[in-house]
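Enquirer: For reference, the structure I am asking about is given below.
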Amino acid sequence: MTDPATNKTTVLIADDHEVVREGTRALILREANFEVIGMARDGREAVDMATKLKPDIIVLDVTMPELDGVEVVRQIRRHSRKTRILIFSGLQSETTIQELFRAGVKSYIRKGDPAENLIAALEALASDKPFFTPGVSDLLFARFLHDDSTTTKTAAAEETLSSREREILRLVAQGGSNKSVAAELGVSTRTVETHRAAIMRKLHASSTAELVRYAIRNGLIEA
């Protein structure tokens, strides 16, 4: 709960990587309105600490030992329904993101997002408002935005991608910019832009998030 002595929004951080816990804590402590009251190293500890400390917000990773993020969310919602949950995780599949939101998550950002997104998400949750970046919203609502014909077209297009296009798709889906992909492959940025445009046309994709979804579903990257 909000610390009555300081009137600060209390935050619990749950992540199995120490460097992420400490880095997240350092970012949050720069803000005058937030106080970090605990850090959990696994899913079970996250549930125990959330139940005991009752933080206003828990910053939660999805892939952790003992209990995964979805189960952590379910248990926290049973024991401390006022605690708002911010998922701060690596790339996850559309199915996992939808499951998290069904379990009671209101906000989701990726670890690769700019640091200011973390603070923006915390500020939104402190006002009981949801927050998620455009890429996550695309994944979350994709099944409502695209009809079956689009899915069929995408599946049919799979074999039309050249080996070079598949390689570029994999790198883009991992978060690479046109410039970084070009440097890794030893080609010009214009060449990558041309291939990327062709990939989006062949897959009937209108955003990078859709390319990520395709790459996950077809095993080009791990969720």
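Enquirer: Being among the small types (Gly, Ala, Ser), more than 21 Å from residue 110 (Cα to Cα) and at pLDDT below 85 narrows it down to one residue among 93, 80; which is it?
Expert: When all the criteria are applied, what remains is 80.
Enquirer: If residue 30 passes every condition in (1) at pLDDT 90 or above; (2) farther than 23 Å from residue 19 by Cβ; (3) of a type in the set (Lys, Arg); (4) surrounded by fewer than 17 Cβ atoms within 10 Å (Cβ to Cβ) but one, which one does it miss?
Expert: Failed condition: (2).
Enquirer: How many residues does region 171-198 hold that are over 17 Å from residue 90 (Cα atoms) and surrounded by fewer than 21 Cβ atoms within 10 Å (Cβ to Cβ)?
Expert: Qualifying residue count for the region: 19.
Enquirer: Right, next: Looking at region 160-207, which of its residues are basic (Lys, Arg) and within 21 Å of residue 112 (Cβ to Cβ)?
Expert: If the condition is that a residue be basic (Lys, Arg) and within 21 Å of residue 112 (Cβ to Cβ), then 170, 179, 196 are the ones that fit.
Enquirer: Of (1) within 20 Å of residue 131 (Cα to Cα); (2) modelled with pLDDT of 90 or more; (3) surrounded by 18 or more Cβ atoms within 10 Å (Cβ to Cβ), residue 25 satisfies all except one. Which?
Expert: (3)
The values are calculated or read from the model by the stated rules, or taken from the named source; none is laboratory data. Everything numeric in this text was worked out from a predicted model, so none of it was measured. Here Cβ is always computed from backbone atoms with ideal geometry, including for glycine, and neighbour counts include all displayed protein chains.
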